[in-house]
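Chemist: Right, I'll just put the structure down here and ask away after.
The values are calculated or read from the model by the stated rules, or taken from the named source; none is laboratory data. These numbers were taken from a predicted model, which means no experiment stands behind them. Quick reminder, even Gly has a Cβ in these numbers, built from the backbone with ideal geometry, and neighbours come from all protein chains shown. When the accessible area is computed, the model is the full protein with side chains, heavy atoms only, and any ligands, DNA or RNA have been set aside. Shrake-Rupley method; radii C 1.70, N 1.55, O 1.52, S 1.80 Å.
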Amino acid sequence: MRSVATGKRLAVFGSFEFDLGTLELKKDGVRRRLEDKPAKVLACLIVRTGGVVDRSDLIKVLWPEESHGDFDHRLNKAINKLRFILGDDSSDPRFIQTLSRRGYRFVGEVMVTDASTSPVVVSPLADSAAETVRPHTEEDPADPGFSGHNRLAPTPEVEAVRSTRWRRSGAPSPRVAIAILVIAVCLLIGAGGNVWSNLVNAKARRSIAVESFRNLTDNPTDAWLSTALSDWLTTDLSAGDQLRAIPIENFARAERELGLTSSDQFSRETLNRIHTNLGADLVVSGSFATVPGASGDSFRLDVRLQDARNGKMLRSLSLMGTRSEALHLASDVGLKLRSELGLELLSPQALGLVRTTLPSNPDAARLYAEGVEALQKLDAVEASALLTQASSIEPQHLPTHAALAAAWNALGYDGRARAEAEIAFQQSKNLPREQQLLMEGLSHETSKEWEMAANVYGTLFRLYPDSIEYGLKLANAQTNAGKGILALGTVQAMRHFQEPTNEDPRIDLMEATAAASTSDYRRQQQAAMQADVKARKLGAKLLVAYAELQVGSALRSFGNLPQALQLWRQARETFRVAGDRRGIANTLNDEGALLWQKGDGPGAKAAFREAISTSRATGDKTSLAFALSRLGMVDIYTRDLVEARQLFHEALGIYQQVENVQEQGYVLSLIADEQMWRDQLAEARKTYEDALSLSQAVNDRSRVAGRLMDIGIIDTVQGDLEGATDSLGKSLSIYRELAEKNRVALVQNRLAMVMLWQGKTSQAAATMESSLAIAREVGEANVVAEMYENQAYIQMEQNPDKAASSALAAMERHKANGDRHGVAMDSAILAQVLLLQGKILESKASLDQAFQMLGPNPPGELGIRMFVVRGQLRAYEGQPEAARMDLTQATMRARNLRADSVGMEARLAMAELELKSRDKSARHDVDALLRDASKRGFGLIAAQAAKTLHTSVQVRAGSAQGAIREIAMD
């Protein structure tokens, strides 16, 4: 186990020094009195600098033995006391930021010093203060560089959290012990404090890996025995919990990645590679042969047991029997190898477990073994077919149901996977506790009951604290349960495994995944880069590909889209070489989403179409439905609504078939988007509400926020500004809490338009500028064009020159993306701006271009606005009847669509026309519009209507005075 040096650790921030050992606080060198509870809070926050610490987790740290009490009030008091001592302000925090209804985050820059290491600067975006990160240099930049083809830059070495159990001399004082316990608890809540102590105290078991046996006679009817024999021996040798088995699928992966060929005996060099790659201490390999004979087929089984650490041959066996006795021979081998290794005799319950390794029916056993082998080769379609047949022959065989659950899960059939996992769990009641817990965890996992899965895997990890598989399962469940901070604590625990297990790249990949779930993208990047370095050293090509995907994901979050795309394409090539078509399809989907984010519509379509083709070939329903729905989304923006609708309904049918409620909700929202483009506002609203209900049912908060935004958009179009403000405000709050910056920009964009309608022009302009800044930062090219359009509307009245520039900027982006509808919209906006500037000919030319592109009857809000502008132009040119026809058309369309917001613009334009025509009812119409706009909160329209009335009164007064002068002259 790695030894970790300890020493005095100081966290320096501002003018403060905080001793992470004694919990003592000094300011400018003078000790400040800090009570116990605020001190523990400060320790937890500094340990997770930049990360969010939930209120519930702080309560567990501060009052671990109490179950009743007003904890929220007591925690608030502790926070307030801490802020008072630090001189911090909750409204403008320097150190402690409050995240409403969630928790707190330390946002100051911290320098952590240690007696045994150099000082380390920890920013809110860096790793937690519980880790020591080497300062970056030009050769080791903070942002990833790339040296050479297909290489990632070196990553900082990360040390694990220090524990008092490794102190070199002396016992810690009670206060120091409490302080360190607080920090450990902050990292390990949920994983169970016992995990940490078990890791420290437990003697790691020897690990054993069993290779698939070679079929020397190459008889295809015996091929299934290769997997069956290795599966049997793996279960046999690990039964009784004295050896830790390396899963056979891991050995199969290593064989592919290391280019191993099956052998009766491995060389010392090969054994060393297996030991490093898999963490296997012992390796079992062998072969079998069937020899036909007059009295029946004879069967020979040869087995070798080697020590992977030193290359020694520990035992060589050769047994003879008949072919029907193959598994009995394997059982004899297990007995002899257990004796060689000094293992205890198996208990009756453990023997029962071994006997359940394979079905008792020979045909079912063959189908099961072939199905497991297909899973190892990443062919889930073939595996599901074989395992379904095996299950129909021997339905009481538990491992068949568990393997079938894995196959269905790989293909995206959530309902089928859930059903098979539940059967396996129910059949595990008489097995040892480990197997019961494994099946229970699988059942919760396939049911997406992540917190319950985490509880089960946490128990397994406490019982078997040397098992990396259980540690990874626990961290994965914690991450999916929204407990990324706890998952990071589990990752830290796994870093204290014995070598080489503690250097397994999967630990770093898990850290990257957990860090991303907490929006700590810098930590995600660093962990994934570290995984890449380790995986390359091991020759683990698939793990390299997954590391590249993670680094690319982090780079995308930083707005570095070109490098992210480069990495994902490298990963896709790795998947292709490895024959992992599912990995190819998933990567293509990621590429398509990123290309669309960059504004490359044709590139996005090509990637999604290739993903669809690949997913159909592999039978991966989840990947297929994803690609279908995203291609449809691109189709909407490129106005191919017919194909979009077909794609959405196919994707929805798949998600209903596989019982994926979460994605059903999202695809319904895309169907509603398509309905919006068809001006079916009432239908779209109903579909959005159905989608919202599904997202709420599965607690998909990001999609809940998205549907609230969609409903807010419809409220805006229909003139319900109060409802729009409420829905958009709720959406914005959720997105901010989830730290989804690109979505924050989208909602702010829509809120700015509501503010414009309300007459809050300055506030709308500031909100739009903020949205644009975020969109540029995260590289959302498509939404930037829409934001420029809305910015033009906001600038139109006060600064037409800027409005024209914004409209032209939007037009450039739409032209680059081949979006004719977008270009037409920008031409119409520009025509409206030019009209306000009095540039009639230019305005008319720009509007004519929009009509030429969209036809004589352009749809939706855009069409209404185009008729309004044309009516105003015709009125200016002295064509009142033609103008009246256009404005009547605009008013009727707005009424039919229930597009009341733009409808008010049409009503105002009509009233202005009638006032010029001296229509007696015109003043009444303007007055009615003024009252209606004021009542519904349309400050912009109300102000314009009031201005129109005032102008008409002045005109009438001027006319009256002229008439009086004429009479006087007569």
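Chemist: I'd like the Kirkwood hydrodynamic radius of the stretch 793-882, using the inverse of the mean 1/r over distinct C-alpha pairs, in Å. Please report the intermediate quantities before stating the final value.
Modeler: Numbers: mean 1/r = 0.0767 Å⁻¹.
Over the stretch 793-882, the inverse of the mean reciprocal pair distance is 13.0 Å.
Chemist: Cα convex hull of the stretch 293-435: mean projected area in nm², to one decimal?
Modeler: For the Cα atoms of the stretch 293-435, the hull's average projected area reads 11.0 nm².
Chemist: For the stretch 424-433, just list the computed ³J(HN,Hα) in residue order, Karplus coefficients 6.51, -1.76 and 1.60, θ = phi - 60°, integers in Hz, with x standing in for Gly and Pro.
Modeler: Each residue's phi maps through the Karplus curve to give 4, 5, 5, 7, 8, 4, 9, 8, x, 4 Hz.
Chemist: Averaged over every viewing direction, what's the projected area of the C-alpha convex hull for the chain? Give it in nm², one decimal, please.
Modeler: 48.5
Chemist: Placing one identical point scatterer on every Cα of the stretch 480-610 and ignoring solvent, what is log10 I(q)/I(0) from the Debye formula at q = 0.09, 0.19, 0.22 Å⁻¹?
Modeler: Summing over Cα pairs of the stretch 480-610 leads to -0.27, -1.06, -1.27.
Chemist: So who's got an amide H within less than 5 Å of the one on GLU24, skipping anything under 5 residues away but keeping other chains? H placed 1.01 Å off N, in plane.
Modeler: HN-HN under 5 Å from GLU24: ASP19.
Chemist: Mind checking the stretch 329-414 for trypsin sites (Lys or Arg not before Pro) that DSSP puts in a loop (not H, G, I, E or B) and that have at most 16 other Cβ atoms within 10 Å?
Modeler: Listed in order of number, the matching sites are LYS377.
Chemist: While we're on this one: Work out from phi, with θ = phi - 60° and the Karplus expression 6.51 cos²θ - 1.76 cosθ + 1.60, the ³J(HN,Hα) of each residue of the stretch 587-595, listed in order in whole Hz, and give x for Gly and Pro.
Modeler: Using θ = phi - 60°, the values come out as 5, 4, 5, 4, 4, x, 5, 5, 4 Hz.
Chemist: Please calculate how many Å² of accessible area the stretch 15-83 carries per residue, with a 1.4 Å probe and no DNA, RNA or ligand atoms counted. Could the numbers behind the result be given before it?
Modeler: Values: 3100 Å² over 69 residues.
For the stretch 15-83, the solvent-accessible area averages 45 Å² per residue.
Chemist: Under a 5 Å amide H to amide H cut-off, with H placed in plane at 1.01 Å, what residues pair with ARG214 once short-range neighbours are removed?
Modeler: HN-HN under 5 Å from ARG214: GLY286, SER287, PHE288.
Chemist: Continuing with this model, one more query. Helix 398-411 versus the longest principal axis of the chain: what is the Cα-based angle in degrees, 0 to 90, to the nearest 10?
Modeler: It works out to around 30 degrees.
Chemist: Measure nothing but the geometry: give the 0 to 90° angle between the long axis through the Cα atoms of 248-258 and the longest principal axis through the Cα atoms of the chain, rounded to 10°.
Modeler: 80
Chemist: Ok, one more. Give the dimensionless ratio obtained when the Cα radius of gyration of the stretch 651-748 is divided by 2.2 N^0.38 Å.
Modeler: 1.05
Chemist: Okay, next question. Explain nothing, just the number: dipole magnitude of the chain about its Cα centre with +1 on each Lys and Arg Cβ and -1 on each Asp and Glu Cβ, in debye rounded to the nearest 20.
Modeler: So the magnitude is around 1920 debye.
Chemist: Another question, if that's okay. I'd like the Karplus ³J(HN,Hα) series for the stretch 20-34: coefficients 6.51, -1.76, 1.60, θ = phi - 60°, whole numbers in Hz, and an x wherever there's a Gly or Pro.
Modeler: Per residue, the Karplus-derived 3J(HN,Hα) values read 6, x, 9, 6, 8, 10, 10, 10, 6, x, 9, 5, 10, 6, 10 Hz.
Chemist: At 222 nm, what value in deg cm²/dmol follows for the chain if DSSP H runs of at least 4 each add -39500 (n - 2.57) and the sum is divided by all its residues, to the nearest 500? Don't skip to the answer; put the middle values down first.
Modeler: Values: 41 runs with 630 residues, N = 970.
So the calculated ellipticity at 222 nm is -21500 deg cm²/dmol.
Chemist: Still on this model: How charged is the neighbourhood of ALA724? Take every other residue with its Cβ under 13 Å from the Cβ of ALA724, and add Lys/Arg as +1 and Asp/Glu as -1.
Modeler: Neighbourhood net charge equals -2.
Chemist: Search the structure for amide H atoms under 5 Å from the amide H of GLY103, placed 1.01 Å from N in the peptide plane, and list their residues when 5 or more places away or on another chain.
Modeler: ARG55
Chemist: Going by Cα centres, the stretch 396-421 and the stretch 805-883 are how many Å apart?
Modeler: First find each Cα centre; the distance between them is then 57 Å.
Chemist: I've got another one for you. Carbon and sulfur together cover what percent of the accessible area of the chain at a 1.4 Å probe radius?
Modeler: Answer for the chain: carbon and sulfur cover 50 percent of the accessible area.
Chemist: Taking only the alpha carbons of the stretch 410-527, what extent do you get along each of the three principal axes, in Å, biggest first?
Modeler: 42, 30, 22
Chemist: If eta is 1.306 mPa s and T is 10 °C, what Stokes-Einstein diffusion coefficient results for the stretch 450-515, Kirkwood Rh from Cα pairs, in µm²/s?
Modeler: 141
Chemist: Give the lysines reachable from LYS312 as a straight Cα distance under 19 Å; neighbours fewer than 8 places away on the same chain don't count.
Modeler: Within the straight-line limit of under 19 Å, LYS312 reaches these lysines: LYS336.
Chemist: For a quick protection proxy, order the peptides 342-352, 906-916, 495-505 by their average other-Cβ count within 10 Å, most packed first. Mind dumping the intermediate values first?
Modeler: Numbers: 342-352: 12.9, 906-916: 21.8, 495-505: 19.1.
Put in order of decreasing packing, that is 906-916, 495-505, 342-352.
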